[in-house]
Structures are given as C-alpha cells and as structure tokens.
C-alpha cells in the first residue's frame, strides 16, 4: 500500500480531511491565479487593452479561483509589467496558447496530489467510494478545465 498522502491522513475525520485536501489544492492553485492577475494588470495598463485576453485570463481566475479548492482573493495586485518575455508582441492566439500552456504546467502539481490521494484510497482494504467519487470529480475538474479548453 502506498504511503498516506500527508501526515495524520488516516486519523482525520472526514470534514477535517476535506479541509486539508482543499487547503493543499488551494496552495497549489495560487500561481495560476497570480498568472491571471498579471495578465489582466498588464492589459489594463495598456492604452488599448485587449478585452479578449482579459476575458480569457478572467475565465482562468474564475474557474480555478472559485471552483473546488478555490484560492481566489479578489483584487489581485498583479504588476503592469509583461507577464512573460515576448508577451507584448504576441497576438491573441499566442497569448491564449501560452496562458493555457502555463496553466497546464501549474496544474500538473494539483493532478499529482490527486493521483497520490486516489492511489492511496484505491489501495485501502476497503476503499471509501464516497471519497473516491469526490476525488474523481476534483481530478476531472482540474484535468478538463471548465468549458473543456484548459488541457494540461
């Protein structure tokens, strides 16, 4: 049987376990929300902000910030500096592709955590089906992304 995903995993009551999992997911989502905030802050600082870029960054912030394990803190303090090298000369498709790629890389950390918890739950002598149902929901949420266009 694999090692428990974190200390005192098996000793935690279900509600405490859920809060621990949520807190760990939230911690791993923060870089995604910071990226979205940086994109929005940069675009809003431009003479002609690209509304579609802002909409897509807001979509990411809302999907991952207010969904399961949501870590969004309204009023992000993103810098008006370009979010990454070459950003300012990229068109809408390139910015979107780069954002999705970076979100996908960051989501790998969340998916790895969920993989570990799922493997542990499935290896239990008596798997907790209700816990596995929640874990598979979370996994699909982060693997598929809302609307199906965030594919890590």
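On inspection, residue 65 fails the criterion of being more than 20 Å from residue 136 (Cβ to Cβ), in contact with a helix residue (DSSP H, G or I) (Cβ under 7 Å, 6 or more places away or on another chain), assigned to a loop (DSSP other than H, G, I, E, B) and modelled with pLDDT under 90.
For the criterion of being more than 30 Å from residue 4 (Cβ to Cβ), in contact with a helix residue (DSSP H, G or I) (Cβ under 9 Å, 6 or more places away or on another chain) and at pLDDT 90 or above, residue 122 fails.
Candidates are the residues of segment 83-113 that are in contact (Cβ under 8 Å) with a residue 60 or more places away in the chain and farther than 16 Å from residue 42 by Cβ; the one that is surrounded by the most Cβ atoms within 10 Å (Cβ to Cβ) is 110.
One residue stands out in segment 36-56 among those that are touching a helix residue (DSSP H, G or I) at 6+ places or on another chain (Cβ under 8 Å) and part of a loop (DSSP other than H, G, I, E, B): the one that is surrounded by the most Cβ atoms within 10 Å (Cβ to Cβ), namely 50. Of the residues making up segment 3-17, just one is surrounded by 12 or more Cβ atoms within 10 Å (Cβ to Cβ) and over 23 Å from the mean Cα position of the chain (by Cα), namely 12. Considering only residues in segment 18-35 that are surrounded by 14 or more Cβ atoms within 10 Å (Cβ to Cβ) and without any contact (Cβ under 8 Å) to a residue 60 or more places away in the chain, the one that is farthest from residue 112 (Cα to Cα) turns out to be 34.
The values are calculated or read from the model by the stated rules, or taken from the named source; none is laboratory data. Keep in mind that what you see is a predicted model, and the values were worked out from it rather than measured. Neighbour counts are summed over all protein chains in view; Cβ atoms, including those assigned to glycine, are modelled from backbone coordinates with ideal geometry.
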